[in-house]
Amino acid sequence: MTAHVQTPTAAPILAQVRNHIGHLTLNRPAGLNALTLDMVRSLQQQLNAWAVDDQVHAVVLRGEGPKGFCAGGDIRSLYDSYKAGDSLHRDFFVEEYALDLCIHHYRKPILALMDGFTLGGGMGLAQGAELRVVTERSRLAMPEVGIGYFPDVGGSYFLSRVPGELGTYLGVTGVQVQAADALYCGLADWYLDSSKLALLDERLDSLTFGAHPLKDLQGVLAKLGTQVLDDAPLAKLRPAIDHFFALPEVSSIVEQLRAVTVADSHEWAVKAAELMETRSPLAMAVTLEMLRRGRHLSLEDCFKMELHLDRQWFEHGDLIEGVRALIIDKDKQPRWNPATLAGLSRSRVDQFFEGL
């Protein structure tokens, strides 16, 4: 089959079909492949076309460059849109979530290469894929609370289904994990050394597809990678995480982390508490509530809940201040509202969920 390449090559999404596999590449390496609305639309359009193309048996999704698969959404453009009073920031979330949902329900196997940074919106793209691959360069996170936001793109679904309270920990703190933890948490399926990515492409280019393309792809990955890595740091911390992050309020989580005296988890607990004290109190509390609700909701209802929160967040959340402090002015001194967990009322959190 002849390869079809979109032109120009500087396009933010590159699409190519080789050996019955549609290859989609996020092509903004200078911005760690952060998603714009145009990129979301291009991805959706291409996936729609390939879904009904009998010549395409599977899809591979990757990011250009060695640093990142996708570092999330282009939040600068959302900030500018809100400040200008236009609709891009609203349209972006509606269309991004629709794309993520499409990937979850896609009728052909999607293989996502989470090589490098895979943050926020990048997780939204990858978590719906049937085959999620990590490398030694992978850094996965839902870091939204650090900019005064909450883990969206289906995070209320996939984080709330991570074993124990690990997903709560990842969502409420925004910490990054590497390959072993990603596999341990069920946020990745395969580990492959990055030096084997070129070989993976070669094997895919010469693969003979049978009646079950998913099994064919798994066979390729099984020869090159593994599904389990030893020494996942979170496995050792799991009892402590399950204990602290099951507490009812973020304030009690921080308070009890501060009080830890057990030697083997003391250092981790202090660091976790210190990190949480830099995050938006409102974003953490809404995240905790959202994840607890998400456990009992369908995938579609999780996305509906996130959209419901989005529609209020630019006006009543901490995102605009977070983006100002970390991306616009870069003073790294966000003035969260409220400034501390002690100043946050339960009713302020509950308001966001009214009318769901």
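The values are calculated or read from the model by the stated rules, or taken from the named source; none is laboratory data. These numbers were taken from a predicted model, which means no experiment stands behind them. Here Cβ is always computed from backbone atoms with ideal geometry, including for glycine, and neighbour counts include all displayed protein chains. The area values use the complete protein model at the heavy-atom level, side chains included, leaving out ligands, DNA and RNA. Shrake-Rupley method; radii C 1.70, N 1.55, O 1.52, S 1.80 Å.
If you stretched the chain out fully between R348 and K223, how much longer would it get, using 0.36 nm times the residue separation minus the C-alpha to C-alpha distance?
Contour length minus the Cα-Cα distance gives 39.8 nm.
Cross-link list K196/K223; K304/K332; K196/K236; K67/K332: which exceed 20 angstrom alpha carbon to alpha carbon?
K304/K332; K196/K236; K67/K332
Projected onto the charge dipole of the chain (+1 at Lys/Arg Cβ, -1 at Asp/Glu Cβ, origin at the Cα centre), which of L47, T168, G155 gives the Cα projection farthest towards the positive end?
Sorting the options by dipole projection puts first L47.
Per 0.36 nm of contour for each residue apart, how much would the distance between D53 and K236 grow if the chain were fully extended, relative to their Cα-Cα spacing?
Gain on extension, D53 to K236, equals 61.2 nm.
Please report, for the Cα atoms of region 121-234, the Rg to one decimal and the Dmax as a whole number; what are they, in angstrom?
In Å, with Rg to one decimal and Dmax whole: 15.3, 48.
Return a whole-number percent for the relative contact order of the chain, with Cα pairs under 8 Å and 6 or more residues apart as the contact set.
This gives 15 percent for the chain.
Where does the chain land at 222 nm, in deg cm²/dmol rounded to the nearest 500, when only DSSP H runs of n ≥ 4 count, each adding -39500 (n - 2.57), divided by all residues?
The helix contribution divided over the chain gives -13500 deg cm²/dmol.
Distance between Cα centroids, region 319-344 to region 222-264: provide it in whole Å.
Here the two parts' Cα centres lie 27 Å apart.
Determine the dipole magnitude for the chain: charges of +1 sit on the beta-carbon of Lys and Arg, -1 on that of Asp and Glu, nothing else is charged, the reference point is the Cα centre, and the result goes in debye to the nearest 20.
Computed about the Cα centre, the dipole is about 200 debye.
Rounded if a/c is under 1.5, else prolate if a/b is larger than b/c, else oblate: which is region 204-330, with a ≥ b ≥ c the root eigenvalues of its Cα gyration tensor?
Oblate.
Residues of the chain: accessible area per residue at 1.4 Å, in Å²?
Averaged over the residues of the chain, the accessible area is 43 Å².
Any chance you could run the full-extension gain for E255 through L214? It's 0.36 nm times the residue separation minus the Cα-Cα distance, nm to one decimal.
Gain on stretching E255 to L214: 10.1 nm.
Extending each Cα 7 Å along its Cβ direction at E95 and H266, get the distance between those two points in nm, one decimal.
Inter-label distance under the simple model: 5.4 nm.
On the principal axes of its Cα set, how long, how wide and how thick is region 255-298? Give whole Å, largest value first.
Result, largest extent first: 40, 21, 13 Å.
Once all Cα-Cα distances of the chain are split into 20 Å bins that start at 0, what whole-number percent is in each one?
30, 57, 13, 0
Could you pull the accessible area for S347 with a 1.4 Å probe, rounded to 10 Å²?
Roll a 1.4 Å probe over it and S347 shows about 70 Å².
Round to the nearest 0.05 the FRET efficiency obtained for Q44 and D193 when R0 = 22 Å and r is the Cβ-Cβ distance.
Computed FRET efficiency for Q44 and D193: 0.10.
Using amide H atoms built 1.01 Å from N in the peptide plane, name the residues 5+ places from R18, or on other chains, whose amide H lies under 5 Å from its own.
When sequence neighbours closer than 5 places are left aside, the close amide H contacts are H23.
Taking GluC sites (Glu not before Pro) as exposed when DSSP calls them loop (any state but H, G, I, E, B) and at most 14 other Cβ atoms lie within 10 Å, what is the longest stretch of the chain free of them, the sites themselves excluded?
My reading of the result: 137-276 is the longest stretch.
If you roll a 1.4 angstrom probe over the protein chains with everything in place, what fraction of the accessible area of the chain belongs to carbon and sulfur, to the nearest %?
52 percent
What's the Kirkwood radius of region 50-164 in Å, using all Cα pairs?
15.1 Å
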